[in-house]
Ligand code: F6P
């Protein structure tokens, strides 16, 4: 059986996992609060990352702080986790990825999205320098974005006022998440996103837009995705009803140049990328065009620079001070050692409202696997369910379960020390007070004594006091991490996104799986293709299962 690049033998790995299991047993009942008797704990179980270039350092401090001290990881646990990362070959595989080796072994592809954010870097794939092509596309994107923003390229009715990005999965979530995140930097046309094949998405998005001043971006790496192609045809029809040359207001972001030509998009309006950029890692290149048009090429460069700074850190920092590695090890400890099946991503940053959805694809499409690279069944649970909503909204919805439910949900808080609305300073103060309160409440909880005092104060007595008090107990000892940064700038967003990418990579290497394929999305696509003709009145296949047949009958009757 072939072994993946740099990986130690399985015996070494399973011994370390066993030692981690034993460690988990040892610390299971230890209160988190007890760990803080060590006054140096907060600093020791945190890492700071100053990703700024030397030139920017004097004016633009961009240091982020990742605090994982409110978890029950101690020095011994951390040493074991680092031993695990080393034995799994994280460093060797990381270096193989950056060197352009084909580490996506089931698809025979390299994984080089990091090259997109370092256009002046050097990367060769099978001896071929990939950078000139990448730089040429980036230059064309910049030129095009400037023309659209400056009115040099217009629609039939004048300067472009609205941009509609049609794409799904990685061809939607990245730019949609980043456009919202960087709203304070928008000084270009408004951006809209259509992804769902549900016609409601196109209908609601197009309502109120003027086809004569709208630019349409069809974003699809393969240019075959049924949702995107259906939406693209619908939007072309919408435009053709008012615009004499609709093709002139269409752009394609794709690696499938023949297919974009068949769709009628001129080659100079196609921005391509190669198969070494996976869909969920593609916001850094042409798929980010809507973002570049919204915030301008210079700000987009800052976003890239943030990602590149995180790459440099990931490649060079010792594992004990390496932010993506530590974030991954915390994830492994919670999901694979302690068995917590989900993790919540909780941005106290309204403009990161789409980050949980973005991370759902990044993490769950990457690490939701059941076989190892060599095709054997995995021996540990793989990627946890990732979910979340911005704070403080979530507090008034699902935090009840996080605080008092029977499942432990490790929480990952994100927050900016400064907002973009100095005139609304109190809002931000309240936001900060809430995020600090949540991680503290999760850790400390509230014991029965304090709960009894509260019940007594509310006027309860005797048995009723005891009953009421029990409902007011918080078990505490629930783990959380906090990623805090000065402000959500383009550069900071780049750092955050690259941080999570490398976290997913590191976890995938430790689990011995391929984080870069997504075979699990194929079966549903195939079945949808075979069911569509039945919905259009085609003959029923006799072997159709009873439930699906019943649902088809219901649809026909409602028809
Ligand atoms: O359904 C899975 C997937 O292939 C994702 O990985 C990808 O981001 C998305 O579909 C969209 O693919 P494309 O860009 O080829 O339309």
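The values are calculated or read from the model by the stated rules, or taken from the named source; none is laboratory data. All values derive from a computational prediction rather than experimental measurement. Because the Cβ atoms are built from the backbone with ideal geometry, glycine has one as well, and the counts that use them run over all protein chains shown.
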| query | So is residue 305 away from the ligand (no atom under 16 Å from the Cβ), modelled with pLDDT of 95 or more, in contact with a helix residue (DSSP H, G or I) (Cβ under 7 Å, 6 or more places away or on another chain) and not in a loop (DSSP other than H, G, I, E, B) or not? | reply | yes
| task | Filter region 347-374 down to the residues that are within 16 Å of the ligand (Cβ to nearest atom) and in a loop (DSSP other than H, G, I, E, B), then identify the one that is nearest to residue 503 (Cα to Cα). | result | 368
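Any idea which of 498, 469, 549 is more than 16 Å from the ligand (Cβ to nearest atom), at negative phi, surrounded by 12 or more Cβ atoms within 10 Å (Cβ to Cβ) and within 35 Å of the chain's Cα centre (by Cα)? Quick ask: steps written out before the conclusion?
Values: 469 fails: within 35 Å of the chain's Cα centre (by Cα); 549 fails: within 35 Å of the chain's Cα centre (by Cα).
Testing whether each residue is more than 16 Å from the ligand (Cβ to nearest atom), at negative phi, surrounded by 12 or more Cβ atoms within 10 Å (Cβ to Cβ) and within 35 Å of the chain's Cα centre (by Cα) leaves just 498.
Answer yes or no as to whether residue 259 is surrounded by fewer than 19 Cβ atoms within 10 Å (Cβ to Cβ) and within 13 Å of the ligand (Cβ to nearest atom). Steps first, answer last, please.
Details: surrounded by fewer than 19 Cβ atoms within 10 Å (Cβ to Cβ): yes; within 13 Å of the ligand (Cβ to nearest atom): yes.
When the stated conditions are applied, residue 259 passes them.
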| task | Check residue 249 against each of (1) modelled with pLDDT of 95 or more; (2) within 16 Å of the ligand (Cβ to nearest atom); (3) closer than 22 Å to residue 140 by Cβ and name the one condition it does not meet. | result | (2)
| region 210-227 residues that are touching a residue at least 60 places away in the same chain (Cβ under 8 Å), paired with ones that are in a helix (DSSP H, G or I) and within 15 Å of the ligand (Cβ to nearest atom) (beta carbon under 7 Å, 6 or more apart) | 217/289; 217/290; 219/171; 219/287; 221/171; 221/279
| Would region 158-165 turn up any residue that is crowded, with 21+ Cβ neighbours inside 10 Å, under 20 Å from residue 358 (Cα atoms) and either more than 13 Å from the ligand (Cβ to nearest atom) or modelled with pLDDT of 95 or more (or both)? | yes
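Listed residues 169, 150; which is within 28 Å of residue 490 (Cα to Cα), surrounded by fewer than 24 Cβ atoms within 10 Å (Cβ to Cβ), within 16 Å of the ligand (Cβ to nearest atom) and at pLDDT 95 or above?
169
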| remark: Being in contact with a strand residue (DSSP E or B) (Cβ under 7 Å, 6 or more places away or on another chain), within 30 Å of residue 278 (Cα to Cα), touching a residue at least 24 places away in the same chain (Cβ under 8 Å) and surrounded by fewer than 17 Cβ atoms within 10 Å (Cβ to Cβ) narrows 409, 386, 415, 371 down to just 371
| query | From the list 377, 344, which one is within 24 Å of residue 181 (Cα to Cα) and away from the ligand (no atom under 16 Å from the Cβ)? | reply | 344
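Take the residues in region 196-224 that are within 8 Å of the ligand (Cβ to nearest atom) and surrounded by 21 or more Cβ atoms within 10 Å (Cβ to Cβ), then tell me which one is farthest from residue 290 (Cα to Cα). Reasoning before the result, please.
Within region 196-224, the first condition is being within 8 Å of the ligand (Cβ to nearest atom), and the residues that meet it are 219-224.
Those still in the list that are surrounded by 21 or more Cβ atoms within 10 Å (Cβ to Cβ) too: 219-221, 223.
Working: 219: 10, 220: 13, 221: 15, 223: 17 Å.
It comes out as 223.
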| task | Looking for whichever is surrounded by fewer than 18 Cβ atoms within 10 Å (Cβ to Cβ) and at pLDDT below 95 here; the options are 274, 298. Which one fits? | result | 274
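Taking the residues in region 225-235 that are surrounded by 19 or more Cβ atoms within 10 Å (Cβ to Cβ) and closer than 14 Å to residue 164 by Cβ as candidates, determine which candidate is farthest from the ligand (Cβ to nearest atom). Write out each step before concluding.
Step one: list which residues in region 225-235 are surrounded by 19 or more Cβ atoms within 10 Å (Cβ to Cβ), which gives 225, 227-228, 231-232, 235.
Remaining after also requiring closer than 14 Å to residue 164 by Cβ: 228, 231-232, 235.
Working: 228: 5, 231: 11, 232: 10, 235: 15 Å.
Among them, the one singled out is 235.
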| query | What are the residue pairs meeting all of these: first residue in region 117-138, first residue more than 22 Å from residue 494 (Cβ to Cβ), second residue not in a loop (DSSP other than H, G, I, E, B), Cβ atoms under 6 Å, and 6 or more apart or on different chains? | reply | none
| remark: Only unsatisfied item for residue 137, checking (1) more than 13 Å from the ligand (Cβ to nearest atom); (2) touching a helix residue (DSSP H, G or I) at 6+ places or on another chain (Cβ under 8 Å); (3) modelled with pLDDT under 95, is (3)
| said: So, residue 515, is that one at negative phi and either in contact with a strand residue (DSSP E or B) (Cβ under 9 Å, 6 or more places away or on another chain) or crowded, with 17+ Cβ neighbours inside 10 Å (or both) or not? | reply: yes
